[in-house]
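Before any comments, here is the structure.
Each reported figure results from applying straightforward, stated rules to the coordinates on display, with no laboratory input. Because the structure is a prediction, the values reported are computed rather than measured. So basically every Cβ, Gly included, is an ideal-geometry build from the backbone, and we count neighbours across all protein chains shown.
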Amino acid sequence: MTDRDQPGEPVRTYPIRAVSQLTGISVDLLRVWERRYQAVQPSRGGRGRVYLDSDVCRLNLLRRLVDAGHAIGTIAGLSDRELDALADAQDAIGQRAGRVPGVARRPIRADLSVLKNAVQNYDGETLDREMARLAALMGPTALVRDVVQPVMCWVGEQWEAGSIGIAQEHIASMSLRNLLGSLVRSYSRSRSGPSVVFATPTGQYHEFGILCAALIAVGGGLSAVYLGTDVPADDIVRTANAKSACAVVLGVAVANPEHDAASAVSTVAQGVGDGVEVWVGGCQNEALRARLREFRATYVGDFDELERHLVRIGADCSTTNQRAPRARHRARHRSPPLPINRTAS
């Protein structure tokens with residue numbers, strides 16, 4: 001029981017996902033704070049960690065103080081009363097500086113304006129260099145969620161609005177595609193976990209969803225077999241069986257009248273061995289999603305859901321905050337849906 005627990009009050013508990021949303025601390029970082037610094041000590045329930053109201057309050061306070069510049073390693077061992085006193089002192093300093101008490105200074109994880117300016121200025125070299133720098137500093141999950149996904153959404157919106165042209169979109173797509181592919185290969189070399197195959201079926205050319213999914217998987221210790229886009233269903237099946245994959249991840253972005261994506265998913269689901277799971281993501285067409293659910297396949301709507309499936313087959317999400325290996329190319333919330341390339345193919 002912490003300082004904040006009150007005897008006789010009804011006990012409310014929260015799963016880790018809810019705590020992440022309530023505190024603004026990512027699930028990966030929560031696990032690091034618990035394992036490395038014993039910031040809180042949640043109990044274990046039948047479905048994972050179980051947090052109390054007092055844990056949520058303490059984590060919110062720790063996050064505020066960390067955002068204000070305190071190192072988690074120096075404050076995690078303090079009692080709740082000591083943390084309150086430290087926060088009060090921090091608020092007093094903020095008041096003297098003209099800031100609103102209780103409003104923490106949020107750290108900027110990545111300055112996306114540098115990337116956006118590079119795209120607008122046709123500056124592929126700066127874009128490559130900045131992306132490589134961020135990849136070296138951030139773990140795979142953070143890179144996907146905080147950099148790749150928002151940048152590609154921005155590029156798509158700008159292209160649709162006519163603010164940037166095809167050339168700028170291609171510069172952005174090529175830079176991100178090269179970086180993600182390089183990171184997936186770099187991580188995969190050292191991974192010995194279960195294999196997962198990533199591909200899009202014939203007629204599907206939007207690959208950022210499966211590239212991001214593959215990066216999160218290898219960041220969690222799994223071995224990714226990345227086949228790319230427009231792959232015949234029979235070839236996906238042969239690869240999955242040859243690599244003894246435990247899962248196949250398929251990106252299906254749109255309904256293509258020339259190629260029946262649902263039929264391809266059905267072929268893969270029926271062709272892989274018993275026990276091999278088939279996950280499908282990226283589709284924004286409700287009619288197509290309804291067809292996909294008819295098969296022995298699971299529709300994955302966002303990265304949180306993907307992560308839960310990856311953990312279930314053996315991924316260690318505590319590893320997803322590690323720094324990325326050096327990319328072998330020129331160095332020169334509920335989360336959003338699995339990203340598809342909304343820009344020109």
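Each residue of the stretch 66-72 is assigned a 3J(HN,Hα), and the resulting list reads 5, 4, 7, x, 7, 7, 4 Hz, derived from the Karplus form 6.51 cos²θ - 1.76 cosθ + 1.60 (θ = phi - 60°), x at Gly and Pro.
Suppose every Lys and Arg Cβ carries +1 and every Asp and Glu Cβ carries -1, with no other charges. What dipole size does the stretch 226-324 come out with about its Cα centre, to the nearest 20 debye? Provide the component values of the computation, followed by the final result.
Values: 9 positive and 14 negative charges, 43 e Å.
Charge dipole, the stretch 226-324, about its Cα centre: 200 debye, nearest 20.
Here is the size of the stretch 113-319 from its Cα atoms: Rg then Dmax, 16.9, 51 Å. Using the Cβ of ILE16 as centre and a radius below 9 Å, the other residues enclosed give a net charge of +3, where K and R count +1 and D and E count -1. Under the convention that each Lys and Arg Cβ holds +1 and each Asp and Glu Cβ holds -1, the size of the dipole of the stretch 113-319 around its Cα centre is about 580 debye. For the stretch 243-251, the Karplus equation 6.51 cos²θ - 1.76 cosθ + 1.60, evaluated at θ = phi - 60°, returns couplings of 8, 6, 5, 9, 7, 10, 10, 10, x Hz by residue, with Gly and Pro reported as x. Treating r as the C-beta distance of SER244 and ASP88 and R0 as 41 Å, the FRET efficiency rounds to 0.10. If only the Cβ of Lys and Arg carry +1 and only the Cβ of Asp and Glu carry -1, the dipole of the stretch 13-96 around its Cα centre is close to 420 debye. Put the Cα centre of the stretch 221-289 next to the Cα centre of the stretch 123-172 and the gap is 26 Å. By the beta-carbon count within 10 Å of each Cβ, the least crowded to most crowded order of ILE72, ILE216, fewest first, is ILE72, ILE216.
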